[in-house]
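Worksheet: the structure to be examined is printed underneath.
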Amino acid sequence: MDIPVYLVSGFLDAGKTNFINGILEDGFAREERTLLICCEEGEEEYNPKALDHVTVVTVEDEEDLKCSLLKAWEKEHKPRQVLIEYNGMWQMERLYREVLPANWVLYQIMTFVKADTFEVYAKNMGQLMMEKITNADLLVFNRCTPELRDSLRRRNLRMVNRRAEIYLENEDGSSEDYLTGDECPFDLTQDVIEIPDEDFGVWYVDVMDHPERYAGKLVHMKLLMCHSKKYPGIHCPGRFAMVCCENDIQFLGLIAKGVGLKDYENRDWIEVTARMAVEKHAAYQGKGPVMHVLSLGPCEKPAQDVVTF
């Protein structure tokens, strides 16, 4: 049986324990047996009133955290889900490669950062800090002042991690989205903007929301050919995407123009270099992004052919 794993990472005093207390008090473990693995003991403690269905185990030394130990805990405690409060000084790659049993499925990585320590950690322990940032699905900078919020936004962390939800939590406990609407998840200064296979969904959302941002820019990516049935003669290559769950897979296509598109069949994989434009089209019910293809050719199907966000 697969066991979902929720990894809470960050350095000391980053707010990991407070977050875990919050989700436990909100009922995270109310109906499921939960194993909570504590790899770092700070000043805060787990709220005993929220531990009814939770078994807490502790690992003090990184070398003690082994797959055999986790399997023994699984056999003893029979958890239905696992929470790990991970030590910020430990490498996460070892956890992925060597420690987690095959049936322990990493569902979400949540990284917490005390905002006024970020620059120090990034400067002195850059590799450790950046792996926590780049692997996160949820990234929270807490205890932010207005100056710290501005500083973090100037770093454009979207360029480091394009998929994470990023929040800035203020000193009064309120929070705000890291994005203000002005940030771009891709480097627009490149001669040709490379759209990695795994980031097509991020690019699609951005180009649909801000088509003018890419007008005149060259882009390069792998796409699945599609010829529109609703608009005969119109080509709209794109990718299939899992929008919210496995039962909700949709095709995300964009209007494309250029010589050679008609030579490919539906569902052929093509590698495209195109210049983007903003044009009016019935498919968009107004203006939208249009790819003017400059070069294209057949290519292999990507390892991950269905896009996720």
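The values are calculated or read from the model by the stated rules, or taken from the named source; none is laboratory data. Fair warning: this is a prediction, and the values are worked out from it, not measured in the lab. Cβ coordinates were reconstructed from backbone atoms using ideal geometry, including for glycine residues, and neighbour counts include every protein chain displayed. Note: areas computed on protein heavy atoms with side chains; ligands, DNA, RNA excluded. Shrake-Rupley method; radii C 1.70, N 1.55, O 1.52, S 1.80 Å.
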- line: In segment 20-55, residues that are surrounded by 15 or more Cβ atoms within 10 Å (Cβ to Cβ) and within 27 Å of the chain's Cα centre (by Cα) total 13
statement: All-but-one check, T58 against (1) within 26 Å of the chain's Cα centre (by Cα); (2) over 30 Å from G181 (Cβ atoms); (3) surrounded by fewer than 17 Cβ atoms within 10 Å (Cβ to Cβ), failing number (1)
- request: With the condition kept exactly as written, say whether any residue in segment 74-86 is in a helix (DSSP H, G or I), aromatic (F, W, Y) and closer than 20 Å to N103 by Cβ.
  value: no
message: Can you pull out every residue in segment 154-175 that is touching a residue at least 24 places away in the same chain (Cβ under 8 Å) and over 18 Å from the mean Cα position of the chain (by Cα)?
response: E169, N170, E171, S175
- line: Of the candidates Y204, Y107, the one satisfying the condition of being modelled with pLDDT of 90 or more, among the hydroxyl-bearing types (S, T, Y) and in a strand (DSSP E or B) is Y107
- prompt: Of the residues E279, E271, which is surrounded by 14 or more Cβ atoms within 10 Å (Cβ to Cβ), farther than 26 Å from R163 by Cα and in contact with a strand residue (DSSP E or B) (Cβ under 8 Å, 6 or more places away or on another chain)?
  reply: E279
message: The conditions are (1) of a type outside the set (A, V, I, L, M, F, W, C); (2) without any contact (Cβ under 8 Å) to a residue 60 or more places away in the chain; (3) within 23 Å of D206 (Cβ to Cβ), and Y264 fails exactly one of them. Which is it?
response: (3)
- request: Assess whether G260 counts as being touching a Leu at 6+ places or on another chain (Cβ under 8 Å), modelled with pLDDT of 95 or more and among the small types (G, A, S).
  value: yes
statement: Filtering segment 61-75 down to residues that are open to solvent by 20 Å² or more (accessible area, probe 1.4 Å), hydrophobic (A, V, I, L, M, F, W, C) and within 28 Å of the chain's Cα centre (by Cα) yields C67
query: Under the condition of being open to solvent by 50 Å² or more (accessible area, probe 1.4 Å), assigned to a loop (DSSP other than H, G, I, E, B) and among the aliphatic types (A, V, I, L, M), which residue from segment 135-189 is farthest from G88 (Cα to Cα)?
result: L179
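Being touching a helix residue (DSSP H, G or I) at 6+ places or on another chain (Cβ under 8 Å) and open to solvent by 30 Å² or more (accessible area, probe 1.4 Å) is the filter here, so list the residues in segment 125-134 that pass it.
M130
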task: Assess whether A122 counts as being over 21 Å from F11 (Cβ atoms), open to solvent by 20 Å² or more (accessible area, probe 1.4 Å) and in a helix (DSSP H, G or I).
output: no
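Listed here are the residues, each with its yes/no results for (1) touching a residue at least 60 places away in the same chain (Cβ under 8 Å); (2) within 17 Å of P298 (Cα to Cα); (3) open to solvent by 50 Å² or more (accessible area, probe 1.4 Å).
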| residue | (1), (2), (3) |
| --- | --- |
| M208 | yes, no, yes |
| G216 | yes, no, no |
| K222 | yes, yes, yes |
| C236 | no, yes, no |
| R239 | yes, yes, no |
| G260 | no, yes, no |
- prompt: Quick one: what pairs do we get from segment 66-83, first residue without any contact (Cβ under 8 Å) to a residue 24 or more places away in the chain, second assigned to a helix (DSSP H, G or I) and among the hydrophobic types (A, V, I, L, M, F, W, C), C-beta under 9 Å, 6+ apart or different chains?
  reply: L69/V99
- prompt: What residue, among those in segment 76-119 that are under 19 Å from L138 (Cβ atoms) and charged (D, E, K, R), is surrounded by the most Cβ atoms within 10 Å (Cβ to Cβ)?
  reply: E85
- prompt: Scanning for something under 30 Å from I166 (Cα atoms), surrounded by 14 or more Cβ atoms within 10 Å (Cβ to Cβ) and modelled with pLDDT under 90, does segment 287-301 turn up at least one residue?
  reply: no
